[in-house]
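Asker: Sharing a structure with you now.
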Amino acid sequence: MSLLVVGSVAFDSVKTPFGEADEVLGGSATYFATSASYFTDVRMVAVVGEDFPETHLQFLKERGINADGVERQPGRTFRWRGEYGFHLNEAKTLETQLNVFETFHPKIPKSYADSPFVFLANIDPELQLDVLRQVEGPKLVACDTMNYWIEGKREALLETLKVVDILMINDGEARELASEFNLVKVAKKILALGPKILVIKRGEYGALMFNGKTMFAAPAFPLESIFDPTGAGDSFAGGFMGYLAKTGEVNDVTIRQAVIYGSAMASFNVEAFSLDRIRSLKADDITSRYKEFKALTFFESH
Ligand code: AMP
């Protein structure tokens, strides 16, 4: 089933303890769409500037992503510059140049309005709500957000949370949103705000899923070489939503499988800068890593 994503397309400049990359392709919608494209057909809404090379759009199209909703506006593409210390879980933002993203008002093409699966990547919660007004009764809506909106647009964010099915955020954001440290208590508070499911991404500590009845925990895959965590959260979300859209079934079994597919896609993403590792995966790579996750957490009962 079709999966719509609305979010950022960016040029990222990133420094990690293992190297650096300058003005490489990034953005939440780019990571999400690329990751999800291994599972289902993806429709993408975003904005780029005049400086955005045709080759990047070509890459998205080659991955089978429908980029008709990526509009080109006069001006420069959004730019983000960040740095990670040895504690790779959190990026330090050094610079954000909104450029064409500043006046971005997502226009959902008519041909996308029937999308059954929707992912609202990290954008202004007012715009997330506006996107939902333009789609016709989707089956499943998930969203992301960040500290900037939790602090600056809390009321609008709370309105968005009332109407989404799934919230996927990192642990720092979840704690801030709930004004609570303990993640089990955090989950209770956030689920009371509207979402039926909360997925908390915890970087190298994996991911936790809460649905009010049960919890599910996935480790992060222990990798020998990690280069750049940028986009891990969006790649996770792409694998998670992509898998659910592929099966078309949202239940306790598929949600758990989706958490593992999300974790698998995030694990590939961190192996290289930008989208370099997830640009050209083979279906076998993903299946093998899914099986490795199963082996990693398997134990015999008595
Ligand atoms: P993550 O998956 O959380 O690592 O997301 C990383 C991506 O988010 C990068 O490629 C950035 O271009 C993008 N990004 C950073 N800041 C913002 C922002 N304020 N709004 C939208 N996208 C952003």
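The values are calculated or read from the model by the stated rules, or taken from the named source; none is laboratory data. As the structure is a computational prediction, the values presented were derived from the model and not from experiment. In this analysis, Cβ positions are derived from the backbone assuming ideal geometry, glycine residues included, and neighbour counts consider all displayed protein chains. Ligands, DNA and RNA are excluded from the accessible area calculation, which covers all protein heavy atoms including side chains. Shrake-Rupley method; radii C 1.70, N 1.55, O 1.52, S 1.80 Å.
Asker: Among the numbered conditions (1) more than 29 Å from PHE59 (Cα to Cα); (2) buried (at least 16 other Cβ atoms within 10 Å of the Cβ), tell me where ASP252 comes up short.
Answerer: For ASP252, the exception is condition (2).
Asker: Still on this structure, please answer the following. Open to solvent by less than 10 Å² (accessible area, probe 1.4 Å), away from the ligand (no atom under 16 Å from the Cβ) and not in a loop (DSSP other than H, G, I, E, B): which single residue out of LEU60, LEU4, LEU25 fits that description?
Answerer: Selected residue: LEU4, the only one of LEU60, LEU4, LEU25 that is open to solvent by less than 10 Å² (accessible area, probe 1.4 Å), away from the ligand (no atom under 16 Å from the Cβ) and not in a loop (DSSP other than H, G, I, E, B).
Asker: Can you name the condition, by its number, that ALA258 falls short on among (1) surrounded by 15 or more Cβ atoms within 10 Å (Cβ to Cβ); (2) closer than 19 Å to ALA207 by Cβ; (3) in contact (Cβ under 8 Å) with a residue 24 or more places away in the chain?
Answerer: All conditions pass for ALA258, except number (3).
Asker: Given the options TYR205, TYR243, name the one that is under 30 Å from VAL24 (Cβ atoms) and buried (at least 18 other Cβ atoms within 10 Å of the Cβ).
Answerer: TYR243
Asker: Can I ask one more? Looking only at segment 88-121, count every residue that is within 16 Å of the ligand (Cβ to nearest atom), open to solvent by less than 40 Å² (accessible area, probe 1.4 Å) and either part of a strand (DSSP E or B) or under 16 Å from LEU167 (Cα atoms) (or both) and tell me the total.
Answerer: 3
Asker: A follow-up question, please. Kindly indicate the residue of segment 202-244 that is closer than 15 Å to TYR84 by Cβ and among the β-branched types (Val, Ile, Thr) and also farthest from the chain's Cα centre (by Cα) among those meeting that condition.
Answerer: Across segment 202-244, the extreme among qualifying residues is ILE226.
Asker: Can you name the number of the only condition in (1) away from the ligand (no atom under 16 Å from the Cβ); (2) open to solvent by less than 10 Å² (accessible area, probe 1.4 Å); (3) of a type in the set (Val, Ile, Thr) that THR145 fails?
Answerer: Failed condition: (1).
Asker: Another one. Go through the residues of segment 181-196 one by one and say whether even a single one is small (Gly, Ala, Ser) and either within 16 Å of the ligand (Cβ to nearest atom) or in contact with a Ser or Thr (Cβ under 8 Å, 6 or more places away or on another chain) (or both).
Answerer: The answer is no, given that none of the residues of segment 181-196 is small (Gly, Ala, Ser) and either within 16 Å of the ligand (Cβ to nearest atom) or in contact with a Ser or Thr (Cβ under 8 Å, 6 or more places away or on another chain) (or both).
Asker: So if I check each of ILE190, ILE197, ILE166, which one is of a type in the set (A, V, I, L, M, F, W, C), over 13 Å from MET146 (Cα atoms), crowded, with 16+ Cβ neighbours inside 10 Å and in contact (Cβ under 8 Å) with a residue 40 or more places away in the chain?
Answerer: So the residue among ILE190, ILE197, ILE166 that is of a type in the set (A, V, I, L, M, F, W, C), over 13 Å from MET146 (Cα atoms), crowded, with 16+ Cβ neighbours inside 10 Å and in contact (Cβ under 8 Å) with a residue 40 or more places away in the chain is ILE197.
Asker: Output the number of residues of segment 17-58 satisfying the condition of being at pLDDT below 95 and closer than 23 Å to ALA264 by Cβ.
Answerer: Final tally of qualifying residues: 1.
Asker: Spot the failing condition for GLU249; the list is (1) within 14 Å of TYR31 (Cα to Cα); (2) more than 12 Å from the ligand (Cβ to nearest atom); (3) of a type outside the set (Gly, Ala, Ser), and only one is missed.
Answerer: Result: GLU249 fails condition (1) only.
Asker: State whether one or more residues within segment 237-248 are at negative phi and outside any helix (DSSP H, G or I).
Answerer: Looking for residues that are at negative phi and outside any helix (DSSP H, G or I), one finds none in segment 237-248, hence no.
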